[in-house]
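Worksheet: the structure to be examined is printed underneath.
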Amino acid sequence: MTDELKQAAAEKALELVQDGMLIGLGSGTTARLFTEGLGRLVAEGRKVRGVPSSRETAELAAKLGIPIVTELLGQIDLAVDGADEVDPALNLIKGRGGALFREKLVAAASKRFVVVVDESKLVKQLGVGVLPVEVLPFLWRTTAERLAALGVSLVVRGGEETPYITDNGNLILDLTVEGGIANPAAFGVELKKVTGVVEHGLFVAMTDTVIVGGPEGPKAIGRGK
Ligand code: 5RP
């Protein structure tokens, strides 16, 4: 069922694609469905180019014949990506797929950022699950100590023996915030101040539209439905 809901959300996002657009391509299973759909449109003759947010998405886009752009001056017309959690203000947690840094760069460079999710991703408050934070491997334990001093617990993704390495050569620390994240904007600012933090998975005030796949069909929330 979840797969069908994700597919319906991705198909609805495909309706936003117009000829000539530069499109930010997200990462994860839901964003993949959008990219696959975009590949179909390209095969039918639609003229678009994509900015992939991970190596995996870049490989998929290349396989599907979507022209790829990796250097950019100006803005992306439309970016479509998934999310791990979406709160009522459309703030997000992203990065459980490990691509949060490039995903945030793509979203920040976009005129319109559209998030595609199934309804299980909607939460009252962010922090139900872990908050991924990308950190530099150099002296990462000291970074982890500074993060822990903010009152969170954390684990190295993949474990210390075989850590997960991001496309940027960094580590991911998965933070658990007891009681949830009451003020995502303020907490995001605190995280960015920590030396060694490259980027965090809180996407605050970046989302224009969320397309939610639910049993009654996909529903768009936010600006510019
Ligand atoms: C990857 C992400 C993904 O967009 C997020 O994890 C959602 O993935 P999925 O659609 O597979 O549930 O942020 O870094």
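Here, each number is a calculation from the coordinates, and none is a lab measurement. Keep in mind it's a predicted model, so treat the numbers as computed, not measured. Positions of Cβ are generated from backbone atoms using ideal geometry, with glycine treated the same way; all protein chains shown enter the neighbour counts.
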TODO: May I ask you to derive the FRET efficiency for ALA205 and GLU160 from their Cβ-Cβ distance with R0 = 25 Å, giving the value to the nearest 0.05?
DONE: 0.10
Task: Residue among ASN91, LEU5, THR166 farthest towards the positive dipole end of the chain, charges placed on Cβ - done: ASN91
TODO: In vacuum, with every alpha carbon of the chain counted as one equal point scatterer, what does the Debye formula give for log10 I(q)/I(0) at q = 0.10, 0.12, 0.13 Å⁻¹? Two decimals, please.
DONE: -0.43, -0.62, -0.73
Open item on the list: Excluding same-chain pairs closer than 8 in sequence, count the lysine pairs in the chain whose Cα atoms lie under 13 Å apart.
Closed with: 6
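By count of other Cβ within 10 Å, fewest leading, how are MET21, MET1 ordered?
Values: MET21 19, MET1 9.
Exposure proxy ranking, most exposed first: MET1, MET21.
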Open item on the list: If you average the C-alpha positions of segment 173-193 and of segment 52-103 separately, how far apart do those two centres end up, in angstrom?
Closed with: 22
Open item on the list: Using all alpha carbons of segment 69-170, what is the percent of pairwise distances in each 5 Å bin, ordered from the shortest bin to the longest?
Closed with: 2, 11, 18, 19, 19, 15, 11, 4, 0
Open item on the list: If packing is taken as the average number of other Cβ atoms within 10 Å across a peptide's residues, how do 130-136, 78-84 rank, most packed first?
Closed with: 78-84, 130-136
Task: Computed E for LYS193/ALA62 - FRET, C-beta separation, R0 45 angstrom, nearest 0.05 - done: 0.75
Task: segment 61-104: C-alpha pair distances exceeding 17 Å, % - done: 51
TODO: Kindly express, to the nearest 10 degrees and within the range 0 to 90, the angle between helix 29-43's C-alpha long axis and the longest C-alpha principal axis of the chain.
DONE: 30
Task: the chain: angle of helix 184-193 to the longest principal axis, Cα-based, in degrees nearest 10 - done: 60
Task: Within segment 144-186: backbone nitrogen closer than 15 Å to the GLN125 label point (7 Å, Cα to C-beta) - done: 152, 176-186
- [ ] Above 17 angstrom, tally the Cα pairs of segment 131-199 and express them as a % of all pairs, no decimals.
- [x] 35
Task: Helical contribution to [θ] at 222 nm, DSSP H n ≥ 4, -39,500 (n - 2.57), averaged over the chain, rounded to 500 - done: -9000 deg cm²/dmol
Open item on the list: Quick check: the angle from helix 55-64's long axis to the longest principal axis of the chain, C-alpha only, nearest 10 degrees?
Closed with: 10
Task: Only Lys, Arg (+1) and Asp, Glu (-1) charged, at Cβ; segment 149-193 dipole about Cα centre in debye - done: 200
Open item on the list: Placing +1 on the Cβ of each Lys and Arg and -1 on the Cβ of each Asp and Glu in the chain, which of LEU72, THR35, THR57 has its Cα farthest towards the positive end of the resulting dipole?
Closed with: LEU72
